[in-house]
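Questions regarding the structure given below will be posed in turn.
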Amino acid sequence: MDIEKRIKTLIARAIKESAISKRLKEIPELKLDCPRDKRFGELSTNIAMLLARQMNASPVEIAQQIQTVLNKILQSSDLFPAIEKIEVKGAGFINFFLSKVCLHEVLLEIKRKGSNFGRLKVGKAEKVHIEFVSANPTGPLNVAHGRQAAFGDTLANILSFAGYKVSREYYLNDEGVQIDTLGESLRAKYLGLLGIDVQFPDAGYRGKYIDELAEELVQKYGPKFVKNWQKKLSFFSQFAYLEILKKIKEDLSAFGVRFDCWLSQKQLNKSGKIDQALTFLKKKGFLYKKEGAWWLASTRFGDDKDRVVIKSNSNLTYIAPDIAYHQTKFRRRFTRLINVWGPDHHGYILRLKAAISALGYEAKNLKVLIVQLVSLVEADKVIPMSTRAGQYVSLDDITRAVGKDAARFFFLMRNRDSHLRFDLELAKKQSLENPVYYIQYAHARLLNILKFAKTNSEKLKLQKKEDLSLLNKAEELNLIQILRKFPSIIESCAQALEPHRVTTYLQDLAKSLHHYYEKHRVVTEDLRLTCARLVLIDAVRIVLDNGLRLLTISAPEKM
């Protein structure tokens, strides 16, 4: 499956051996794309257009010169049997048409590699740290967190499959104002249930979950905490925090998301690492005192203004623990950091990158991925959600309503940059209208065909070797061409950090499979043809299974 890399090497050699090489300063990065229109081959490059900009020449003429040299080189290359023809089309595209022999080899490779088909080594075991969800443990996870969870978890799966050494982490903001407010909210509800009228905090946390926690406290302890209740805030905060964290972990587990590490801000603080990080910045001269507060000189590192790190009352601002936290990431020898955040954190990126630079690390090694919000739609009506008012749909609600598989797939269907419209009715449907059902049905259909074929297994065993040249129908070749793309889809997802490309790919593959099934029988009276088609069918099954596994979505045997 290194056909793309070998063709790139071939193109680079052709450019160097052609007359145009004398007029070039440098050769731009070579890229091969897969044209949607099969009239333009299986692979195409626009390198001639890029070279034309340097040379101020016609891209078509440059493409034709490259094509001429390519054809000469190809005659003595081991790629000769794999490439049927090379042609120049349009504004200067060089198109490559792969031979049927090359396409049939794809099926043999899929059969040989099985669950490892598509696995790459492009990551070269680079240590990658992905922090995602990291929602404050002050309430249940909502649908926005669900989208972040599906995105971060799937991205980690894909990067691991592409050869990176990935660690998944959830950062717990388990101390500070929000935890105190959580305790105050629970305390007020608890006392209220016992007939003691206490003012609910203005910025308190509302919602059914707070009422349920208060009821649980009353059932467990009765009025035990009424006496001197003003002095028992830490108990209420800790009780609420631990119960909510337990629920968060349960919901994520039910959603198929796992973490390698849950890192506590409170423990980070107790370890002295926050003080150590700030002391380091002071010694470097990147923290300065003004108006009784300590400021990070973040404008020296590209931020639009300097940021307060320690207030005049000695309390830390939000960025202080984040500075120490990211320092620990680099000290754990991660060379690449990926933070998955919600849209309300967009303005925080510059200051964090500035802090990383001040610590002496490369800010470019941090990539912040903003995941846009989700609108839940039912019966063409948007479901209103307001966290402050305690009106929201939790991740658990969604998982229970549509199932883990549908929830994950729908969260992953669009690029993270796009606002997501989640159609609850469609996600619940057990029909081919539902995209995840459509893919899973394709997988189940394939297993049914393979099971049916076993009825003729004795006869089929007489065929010593499959004759894949019999796979010459347009629908068969189209299926193989889609299968061939799977490794390049994985590579592009890993490079662009866009897991939604896998969902699109699987829909295309399932669509082609269903179309093929409608036009051709797999198990026929012709045993040689049946054997060949079973190889194709099993290859599709393997790739569907591999893709669904990356999405942490089940590949059912029956539907």
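For segment 32-41, enumerate the residues that are touching a Leu at 6+ places or on another chain (Cβ under 9 Å) and part of a loop (DSSP other than H, G, I, E, B).
Selection gives Leu32, Cys34, Pro35, Gly41.
Now, a different point. From the residues in segment 204-215 that are surrounded by 14 or more Cβ atoms within 10 Å (Cβ to Cβ) and in contact (Cβ under 8 Å) with a residue 24 or more places away in the chain, which one is farthest from Ser394 (Cα to Cα)?
First, the residues of segment 204-215 that are surrounded by 14 or more Cβ atoms within 10 Å (Cβ to Cβ): 204-207, 209-211, 213-214.
Restricting the remaining residues to those that are in contact (Cβ under 8 Å) with a residue 24 or more places away in the chain gives 205-207, 209-210, 213-214.
On the way: Tyr205: 15, Arg206: 14, Gly207: 11, Tyr209: 11, Ile210: 14, Leu213: 16, Ala214: 19 Å.
Selected residue: Ala214.
Every residue in segment 133-183 that is out of contact with any helix residue (DSSP H, G or I) (no Cβ under 7 Å at 6 or more places or on another chain) and over 22 Å from His326 (Cα atoms), please.
Within segment 133-183, Ala144, Gly163, Thr181 meet the criteria.
Taking the options Glu518, Glu498, Glu475, Glu525, name whichever one is acidic (Asp, Glu), closer than 25 Å to Thr455 by Cβ and not in a helix (DSSP H, G or I). Lay out the reasoning, then the answer.
Values: Glu518 fails: not in a helix (DSSP H, G or I); Glu498 fails: closer than 25 Å to Thr455 by Cβ; Glu475 fails: not in a helix (DSSP H, G or I).
When all the criteria are applied, what remains is Glu525.
Okay, moving on. Would you point out the residue of segment 423-450, among those that are aromatic (Phe, Trp, Tyr) and under 16 Å from Met413 (Cα atoms), that is surrounded by the fewest Cβ atoms within 10 Å (Cβ to Cβ)?
To start, the set of residues in segment 423-450 that are aromatic (Phe, Trp, Tyr) comprises 437-438, 441.
Okay, now just the ones that are also under 16 Å from Met413 (Cα atoms), so 437-438.
Numbers: Tyr437: 22, Tyr438: 16.
Per the stated criteria, the residue is Tyr438.
Further question: I need the helices (runs of 4 or more DSSP H) fully contained in segment 57-171, keeping only those with at least 1 residues that are in the same structural domain as Leu468 (by TED's automatic domain parsing).
Working: elements: 59-75, 100-113, 143-161.
Ranges flagged: 100-113.
Could you give every pair whose Cβ atoms fall below 8 Å, whose first residue belongs to segment 278-291 and is assigned by TED's automatic domain parsing to the domain that holds Ala354 and farther than 12 Å from Ile310 by Cβ, and whose second residue is surrounded by 12 or more Cβ atoms within 10 Å (Cβ to Cβ) and among the charged types (D, E, K, R), counting only separations of at least 6 or pairs across chains?
Phe286/Arg300
Would you call Asp538 of a type in the set (Asp, Glu) and either farther than 26 Å from Phe151 by Cα or at pLDDT below 95 (or both)?
Working: of a type in the set (Asp, Glu): yes; either farther than 26 Å from Phe151 by Cα or at pLDDT below 95 (or both): yes.
Yes.
Scan segment 83-110 residue by residue and report those that are among the small types (Gly, Ala, Ser) and closer than 23 Å to Arg533 by Cβ.
Restricting attention to segment 83-110, the residues satisfying the condition of being among the small types (Gly, Ala, Ser) are 90-92, 99.
Hit for segment 83-110 is Ser99, nothing else.
Name the helices (runs of 4 or more DSSP H) wholly inside segment 186-285 in which the number of residues that are within 34 Å of the chain's Cα centre (by Cα) and of a type in the set (Gly, Ala, Ser) is 3 or more.
On the way: elements: 208-221, 233-254, 265-270, 273-284.
In segment 186-285, the matching helices (runs of 4 or more DSSP H) lie at 233-254.
Residues in segment 42-56 that are in contact with a Leu (Cβ under 8 Å, 6 or more places away or on another chain) and aliphatic (A, V, I, L, M): how many? Explain how you work it out, then say what you get.
Keep residues of segment 42-56 that are in contact with a Leu (Cβ under 8 Å, 6 or more places away or on another chain), which gives 42-45, 47, 51, 54-55.
The next check asks that each one be aliphatic (A, V, I, L, M); those that pass are 43, 47, 51, 55.
Looking only at that region, the number is 4.
Whether any residue in segment 218-233 is touching a residue at least 40 places away in the same chain (Cβ under 8 Å) and of a type outside the set (D, E, K, R) is what I want to check. Write out each step before concluding.
Taking segment 218-233 first, the residues touching a residue at least 40 places away in the same chain (Cβ under 8 Å) are 229, 232-233.
Right, trim to of a type outside the set (D, E, K, R) and you get 229, 233.
Looking through segment 218-233, at least one residue is touching a residue at least 40 places away in the same chain (Cβ under 8 Å) and of a type outside the set (D, E, K, R).
Taking Lys113 as meeting all but one of (1) within 26 Å of Leu471 (Cα to Cα); (2) touching a residue at least 12 places away in the same chain (Cβ under 8 Å); (3) surrounded by 15 or more Cβ atoms within 10 Å (Cβ to Cβ); (4) not β-branched (Val, Ile, Thr), write down the number of the exception.
(2)
Name every residue in segment 341-359 that is part of a helix (DSSP H, G or I) and of a type in the set (Phe, Trp, Tyr), in order of residue number.
Initially, segment 341-359 is screened for residues part of a helix (DSSP H, G or I), giving 343-358.
Result: Tyr348, single match.
OK, next. What residue, among those in segment 286-328 that are in a helix (DSSP H, G or I) and among the hydroxyl-bearing types (Ser, Thr, Tyr), is surrounded by the most Cβ atoms within 10 Å (Cβ to Cβ)?
Ser298
Also, quick follow-up: Show the residue pairs that are 6+ apart or on different chains and have beta-carbon atoms under 8 Å apart, the first residue being within segment 61-75 and under 9 Å from Ile15 (Cα atoms), the second being surrounded by fewer than 20 Cβ atoms within 10 Å (Cβ to Cβ) and of a type in the set (Asp, Glu).
Val69/Glu17
Still on this model: Quick check on my filter: what residues within segment 57-103 are in contact with a Leu (Cβ under 6 Å, 6 or more places away or on another chain) and either surrounded by fewer than 17 Cβ atoms within 10 Å (Cβ to Cβ) or among the basic types (Lys, Arg) (or both)?
Phe80
If Glu175 satisfies all but one of (1) under 16 Å from the mean Cα position of the chain (by Cα); (2) surrounded by 17 or more Cβ atoms within 10 Å (Cβ to Cβ), what's the number of the condition it fails?
Only one criterion in (1) under 16 Å from the mean Cα position of the chain (by Cα); (2) surrounded by 17 or more Cβ atoms within 10 Å (Cβ to Cβ) is unmet by Glu175, namely (1).
Answer yes or no: is there a residue in segment 371-390 that is part of a helix (DSSP H, G or I) and not basic (Lys, Arg).
No: zero hits.
Would you check which residues across segment 152-170 are of a type in the set (Ser, Thr, Tyr) and closer than 14 Å to Leu551 by Cα and list them?
Thr154, Ser160
Kindly evaluate Leu233 against the criterion of being surrounded by 14 or more Cβ atoms within 10 Å (Cβ to Cβ), touching an Asp or Glu at 6+ places or on another chain (Cβ under 9 Å) and under 30 Å from Asp405 (Cα atoms). Walk me through how you get there before you give the answer.
On the way: surrounded by 14 or more Cβ atoms within 10 Å (Cβ to Cβ): yes; touching an Asp or Glu at 6+ places or on another chain (Cβ under 9 Å): yes; under 30 Å from Asp405 (Cα atoms): no.
It is false that Leu233 is surrounded by 14 or more Cβ atoms within 10 Å (Cβ to Cβ), touching an Asp or Glu at 6+ places or on another chain (Cβ under 9 Å) and under 30 Å from Asp405 (Cα atoms).
Please go through (1) touching an Asp or Glu at 6+ places or on another chain (Cβ under 7 Å); (2) part of a helix (DSSP H, G or I) for Ser44 and return the number of the only condition it doesn't satisfy.
Only one criterion in (1) touching an Asp or Glu at 6+ places or on another chain (Cβ under 7 Å); (2) part of a helix (DSSP H, G or I) is unmet by Ser44, namely (2).
In addition: Report whether or not Ala57 is modelled with pLDDT under 90, among the small types (Gly, Ala, Ser), out of contact with any His (no Cβ under 6 Å at 6 or more places or on another chain) and farther than 13 Å from Phe96 by Cβ. Working first, answer last.
On the way: modelled with pLDDT under 90: yes; among the small types (Gly, Ala, Ser): yes; out of contact with any His (no Cβ under 6 Å at 6 or more places or on another chain): yes; farther than 13 Å from Phe96 by Cβ: yes.
So Ala57 fits the description; yes.
The values are calculated or read from the model by the stated rules, or taken from the named source; none is laboratory data. Note that this is a predicted model, so its numbers are computed, not measured. When we count neighbours, we look across all protein chains shown, and the Cβ atoms used for this are built from the backbone with ideal geometry, even at glycine.
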